[in-house]
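Working notes, structure below.
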Amino acid sequence: MTSSQQIVLATRPHGHVKNTDFRHEETPVPPVETGGIEIETLQISIDPAIRGWLDDRPSYLPPVAIGAPVRAFGIARVTASRNGDFPEGTLVRGLVGWQQRQVIAAPDANWQKIQPATGVPLEYHLGILGMTGLTAWAGINDILRPQPGQTVLVSGASGAVGSVAVQLAKVAGARVIGIAGGAEKSDMVTSLGADAVIDRKDPHWRALLRRAVPDGIDRLFENSGGPMFEAAIDLLNDHARIALCGLIDGYNLPERPAGPSNFGMLLTKRVTTQGFIVLDYMDRATAVEADLAKLITTGKLAAVQTVLPGFGQLPGAFIDTFSNSRPGKVIVDIQG
Ligand SMILES: NC(=O)c1ccc[n+]([C@@H]2O[C@H](COP(=O)([O-])OP(=O)(O)OC[C@H]3O[C@@H](n4cnc5c(N)ncnc54)[C@H](OP(=O)(O)O)[C@@H]3O)[C@@H](O)[C@H]2O)c1
């Protein structure tokens, strides 16, 4: 019997996630029964959302159980199959978790088959052509739908989702303002086409933000929450729209923070606010992937990503995501 390395949740994190919240284990991989497949993980997506899945509180997915491999999206290859729909060698994308190998007794539609086009790096199917791209597309093209000339603010603009959202808002003809942390990431967001970037580490960021949106904000792609979200609400125009994508500012706090103190402005300004979860867009994933691939081919969309080699990058790559060391999408290539 073969075995698999995995990283399991050892204890529920309290506040900032740390190495000791996880445990490395080696576990046997059972034989494949009729209808089942064995897969080997190739790449794992690093997502801040994983932090929320480690907490024991009601959410859109159940909490990761203590002792279970940490839940994560990834790409895997079928290495043994007793299921005609998933022959050996098929590439699949789904919740592979932080583990090298596993048997799936009854693979269903949650395991999407992928066929990378010639010249398209595999990791794009986890990032810009995967959940990350789909999330940005849902927020910009389905929820916000900015009109040419409108002002769109994207927080977390240097991140995986934000870097795609900035570019999609530009494609829509909007004036795009990004929020990023530090000069280097701000320059990167400018290079993606943003008309202005606010460095959230600048002590004068509030004044800079106000100056960057002289006509107010029409559309807000919200990735961060926290003080910048509150400042953005102050600057929203009447009948503005918010795509509420993420609230990373609060993910590592022991208690969920209270909402913005100016919440009432959403009422007085008649703001449409829509929270969304990318999993609700899975039925559109193939069509969106084709749209995004076309934008990449025509030079209107660029991937910002870092691929880290080796299973040993876990859990460090995930912990690092909250210290904001790397711009764009981070992927662990566990065979690397
Ligand atoms: N709704 C959904 O279905 C869905 C799907 C995917 C992701 N998300 C959410 O979308 C957000 C972005 O995800 P991602 O995959 O792009 O993550 P990411 O690549 O880690 O990017 C997050 C960015 O947020 C910024 N940031 C970090 N801490 C911050 C803070 N305290 N205040 C303000 N900005 C902060 C960082 O950029 P700077 O340091 O440059 O500011 C970082 O690059 C997250 O909140 C995530 O949970 C939601």
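Points to keep in mind about this one:
- Odd one out for residue 63, checked against (1) closer than 27 Å to residue 252 by Cα; (2) out of contact with any Asp or Glu (no Cβ under 9 Å at 6 or more places or on another chain); (3) in a loop (DSSP other than H, G, I, E, B); (4) at pLDDT 95 or above: (2)
- Candidates are the residues of segment 195-224 that are in contact (Cβ under 8 Å) with a residue 40 or more places away in the chain, under 26 Å from residue 278 (Cβ atoms) and not hydroxyl-bearing (Ser, Thr, Tyr); the one that is surrounded by the most Cβ atoms within 10 Å (Cβ to Cβ) is 221.
- Looking only at segment 101-120, and only at residues there that are touching a residue at least 40 places away in the same chain (Cβ under 8 Å) and surrounded by 15 or more Cβ atoms within 10 Å (Cβ to Cβ), the one that is nearest to the ligand (Cβ to nearest atom): 112
- Any hit, segment 162-184, residues being within 15 Å of the ligand (Cβ to nearest atom), farther than 23 Å from residue 297 by Cα and either assigned to a helix (DSSP H, G or I) or at pLDDT below 95 (or both): yes
- Exactly one residue out of 68, 49, 105, 80 is under 23 Å from residue 8 (Cβ atoms) and in contact with a strand residue (DSSP E or B) (Cβ under 7 Å, 6 or more places away or on another chain): that is 68.
- Of the criteria (1) hydrophobic (A, V, I, L, M, F, W, C); (2) in contact with a Pro (Cβ under 6 Å, 6 or more places away or on another chain); (3) not in a loop (DSSP other than H, G, I, E, B), which one residue 44 fails: (2)
- Single residue of segment 278-336 satisfying the filter (part of a helix (DSSP H, G or I) and basic (Lys, Arg)) that is farthest from the ligand (Cβ to nearest atom): 294
- Cβ-Cβ contacts under 9 Å between residues 6 or more apart (or on different chains), taken from a first residue in segment 257-274 that is at positive phi to a second residue that is modelled with pLDDT of 95 or more and surrounded by 16 or more Cβ atoms within 10 Å (Cβ to Cβ), are listed as 270/240.
The values are calculated or read from the model by the stated rules, or taken from the named source; none is laboratory data. A quick note: this is a predicted structure, and the numbers were derived from the prediction, not measured. Glycine also receives a Cβ, built like all others from the backbone with ideal geometry; neighbour counts cover every protein chain displayed.
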